């Protein structure tokens, strides 16, 4: 594809990204791949480079839940408490009396759909001043602690179904899959998703990938990247399906190509075509995305999605054709260390654009990502 490699090389040489691994594909196979820069000191980036994919884990967790829906064991409207009674311990944070939180019971029962569309009332402390304060004054552990108690650390910031807010809902969803299926989520995903799709470099622990693991680079006050130790918790009490996975660009592209093939890849079907259609439809029930304003600018920039963006059962959903870009119905998401993907079913395009850098979605990274997407559609 004309100009694609130049976009990667220019991004690295300009200091906009520390390195890049990117790939595109369609239903039939891989259509392009390119790499640029060093993924770690003295180690050139390659298609074998392993990444902390953080929130790109979420789409896999949602597919796991959709498989149970497809098998008649769950529905999008199943109340969370009917499977996980502990959800009933969560309260809505209704304000503050000095440093004392004012809590009340939720007025609406949360459902599986609320969890997957981030309308359950749960929000991350990175984007919610109230949640950040609550964790500080209570001393409760963060979701990245790996402690199961962390599921109960986060109050609801609104009643379920009231509004969109980005949070820990998919970590609860993984627990639902475990409770219904009987297997732990890592075993379920390995047997039911990774092995059928040929995702042999996707794991819940990084040990097996350590020789291929990229470094994380954080931009400092001099606008230069410096290596940073940053990992999901090793050997946690539970694997959070909001953040736990390590993977590679080819593996994740295989996962996305399953979308283009309506639930199957290379003759292995994991979802029916009807389930795929339901999973990828707009499930927001009229709610709209809100801009995520950062409380930790060294970790993430503000995040604002295009007007009209909705949410499917799996990830963000583009509702209108974008000029020179994605078509309506496209699905996309990302991980906090700037691993990004989208899948455009109408154009038969799946793409990954992956590095390991902070802050998430900073303007300099975003510029390169948008140039990459524009070049793909220009080459159609």
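Just so you know, all these numbers are worked out from the coordinates, no wet-lab data involved. Since the structure is predicted, the reported quantities are computational estimates derived from the model, not experimental observations. Positions of Cβ are generated from backbone atoms using ideal geometry, with glycine treated the same way; all protein chains shown enter the neighbour counts.
Region 6-25 and region 82-119 have Cα centres separated by 41 Å. Counting beta carbons within 10 Å around each of 368, 107, 163, 219 and listing the fewest first gives the order 107, 163, 219, 368.
Under a Gaussian network description of the chain, with springs only between Cα atoms under 10 Å, the residue in 132, 215, 254 that fluctuates furthest is 132. Normalised by 2.2 N^0.38 Å, where N counts its residues, the alpha-carbon radius of gyration of the chain equals 0.94. Axis of helix 4-13 versus longest Cα principal axis of the chain: the two differ by about 70°, to the nearest ten degrees. Between helix 57-70 and the chain there is an angle of about 70 degrees, using the helix long axis and the longest principal axis of the Cα atoms. Name the residues of region 355-372 whose amide N is less than 16 Å from a point 7 angstrom out from the Cα of residue 305 along the C-beta direction? Inside the label zone: 361. Across q = 0.19 Å⁻¹, region 1-123 modelled as identical point scatterers on its alpha-carbon atoms has Debye log10 I(q)/I(0) values of -1.03, in the order of the q list. For the pair residue 149 and residue 220, label points projected 7 Å from Cα toward Cβ lie 3.6 nm apart. Between rounded, prolate and oblate, where does region 132-244 land on the alpha carbon gyration tensor, with a ≥ b ≥ c its root eigenvalues, rounded for a/c under 1.5, else prolate if a/b exceeds b/c? In terms of gyration-tensor shape, oblate.
Each 5 Å bin from zero up to the one holding the largest Cα-Cα distance in region 241-293 carries the following percent of pairs: 4, 15, 17, 17, 20, 17, 7, 2, 0. Note on region 80-177: Cα-Cα pairs beyond 20 Å make up 29% of the total pair count. Extension gain for residue 86-residue 26 works out to 17.4 nm (0.36 nm per residue, less the C-alpha to C-alpha distance).
When a/c reaches 1.5 or more, the comparison of a/b and b/c decides; with that in mind, is region 214-345 rounded, prolate or oblate per its Cα gyration tensor? Here region 214-345 falls in the oblate category. Put a dot 7 Å past the Cα of residue 183, heading toward its Cβ, do the same for residue 73, and the two dots end up 0.9 nm apart.
Relative to the longest principal axis of the Cα atoms of the chain, helix 363-378 runs at roughly 60 degrees.
Roughly how many Å is it from the Cα centre of region 236-254 to that of region 284-301, as a whole number? Here the two parts' Cα centres lie 22 Å apart.
Spin-label model, residue 46/residue 320: points 7 Å from Cα along the beta carbon direction are separated by 4.6 nm.
With neighbours defined as other Cβ atoms within 10 Å of a residue's Cβ, the residues 138, 318, 168, 57 order from fewest to most as 138, 318, 168, 57. As a proxy for reagent exposure, ranking 109, 317, 269 by other Cβ atoms within 10 Å from fewest up yields 269, 109, 317.
Between residue 137 and residue 294, full extension at 0.36 nm per residue minus the direct alpha carbon distance yields a gain of 54.5 nm.
Taking the chain as a Gaussian network of alpha-carbon nodes connected by springs under 10 Å, the highest mean-square fluctuation of the residues 12, 137, 177 belongs to 137.
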